[in-house]
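The values are calculated or read from the model by the stated rules, or taken from the named source; none is laboratory data. Keep in mind it's a predicted model, so treat the numbers as computed, not measured. A quick note on method: Cβ atoms are made from the backbone with ideal geometry, for glycine too, and the neighbour counts reach across all protein chains shown.
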Amino acid sequence: MQMRAMLAPSMLAIVALGSGSALAQNADVIKCGKDLATAADCVACHTGDPSKPFAGGDSIETPFGVIYGTNITPDKETGIGNWSDDDVVRAVREGVAPGGVHLYPAMPYPSFAKMSRVDVLAIKAYLFSLPPIHQSNQETRVPFPFNQRWLMIFWNWLNLKGGELTPDPAHDQAWNRGRYLVEALAHCGECHTPRNVTEGVETSHNLGGGNLETWLAFNVTSDWNAGIGGWSEDEIAQYLLAGNVAGKASASGPMGPAAVRGSAPILRCSTTARSARPIHATSSPWFYMASTAK
């Protein structure tokens with residue numbers, strides 16, 4: 001069974017359509033692409049001016065300098081309007097833009113590497129359905145030697161453990177769906193996992209807590225003392241949907257808007273067409289994280 005079979009009903013339509021041109025013309029695919037893009041929180045880094053969504057310009061503070069989100073609208077000069085399906089998939093999953101330009105991992109392609117091609121192309125279909133916005137990308141300010149993008153070849157060799165996730169037969173559908181949402185689409189580990197000396201995620205401490213700019217991203221493993229092992233499924237759902245659980249936690253910093261923006265789309269895009277009983281999306285990451293001890 002393929003991971004794509006565990007996504008929304010419209011995902012099944014994507015498989016039948018096949019080509020990128022058909023994807024772009026299909027309203028159901030575009031709708032789910034919007035949900036996927038929102039669940040992945042693309043707007044957070046790719047929108048500096050709220051009146052120009054996805055046109056880039058937002059700054060990201062990293063230990064190596066300031067990196068700016070790029071224009072991913074379908075503008076043919078300043079955006080990705082000339083990118084093919086393969087171009088988008090390679091950039092999202094491998095961190096390499098057309099022309100062999102290496103992206104910095106502020107773009108969470110190490111997590112997106114686990115996404116299905118089908119989902120990536122659904123997001124592309126949504127983005128290409130939006131009005132193009134002509135806005136040049138701001139120049140990333142990273143000092144030498146980190147401004148030498150070809151060095152990312154070595155970083156990727158150390159940190160990019162690519163490959164589309166496939167279901168683990170030892171676990172049920174809800175757990176596998178949760179794993180896909182947590183590890184790939186919502187890229188929770190990018191903030192909630194500590195970093196190694198190269199600033200790659202320390203996979204041996206997956207979801208054990210990390211840092212984003214000046215903010216602390218807490219331990220979200222099943223550890224009862226340091227993590228969320230004592231949280232109920234309803235509390236997980238409430239936190240993801242409202243950003244607050246009285247007496248336990250309140251989402252602030254980057255997590256505040258991320259929780260509110262991303263949870264509703266996950267509700268829609270994580271329910272299988274063939275499920276006899278739809279499974280609440282926030283249950284899916286819970287089932288997965290409940291088995292992930294620090």
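Here are a few things to note about the model shown:
- Scan segment 70-101 for residues that are surrounded by fewer than 16 Cβ atoms within 10 Å (Cβ to Cβ), under 21 Å from ASN159 (Cα atoms) and not aliphatic (A, V, I, L, M) and the total you get is 1.
- Filtered by the rule that a residue be farther than 21 Å from TRP157 by Cβ and among the polar types (S, T, N, Q), segment 191-238 gives ASN211, THR214, ASN219, THR221, SER222, ASN225, SER232, GLN238.
- Scanning segment 49-60 for residues that are farther than 17 Å from ILE80 by Cα and modelled with pLDDT of 85 or more turns up ASP49, PRO50, SER51.
- Residue selected from segment 136-160 under the condition of a type in the set (S, T, N, Q) and over 23 Å from the mean Cα position of the chain (by Cα), by the criterion modelled with the lowest pLDDT: ASN147
- Evaluating LYS114 against the criteria (1) part of a helix (DSSP H, G or I); (2) over 27 Å from ASN147 (Cβ atoms) leaves one unmet condition, (1).
- ILE133 being closer than 26 Å to VAL66 by Cα and either in a loop (DSSP other than H, G, I, E, B) or modelled with pLDDT of 95 or more (or both): yes
- Residue within segment 139-162 that is in contact with a Leu (Cβ under 7 Å, 6 or more places away or on another chain), farther than 20 Å from VAL43 by Cα and part of a loop (DSSP other than H, G, I, E, B) present: yes
- Criterion: surrounded by fewer than 22 Cβ atoms within 10 Å (Cβ to Cβ), under 30 Å from GLY178 (Cβ atoms), outside the structural domain of GLU183 (by TED's automatic domain parsing) and of a type in the set (Phe, Trp, Tyr) - qualifying residue of TYR104, TYR126, TYR109: TYR104
- Qualifying positions in segment 35-56 - within 16 Å of VAL92 (Cα to Cα) and in a helix (DSSP H, G or I): LEU36, ALA37, THR38, ALA39, CYS42, VAL43, ALA44, CYS45, HIS46
- Within segment 85-127, the set of residues being at pLDDT 95 or above and more than 23 Å from LEU160 (Cα to Cα) comprises just one member, LEU127.
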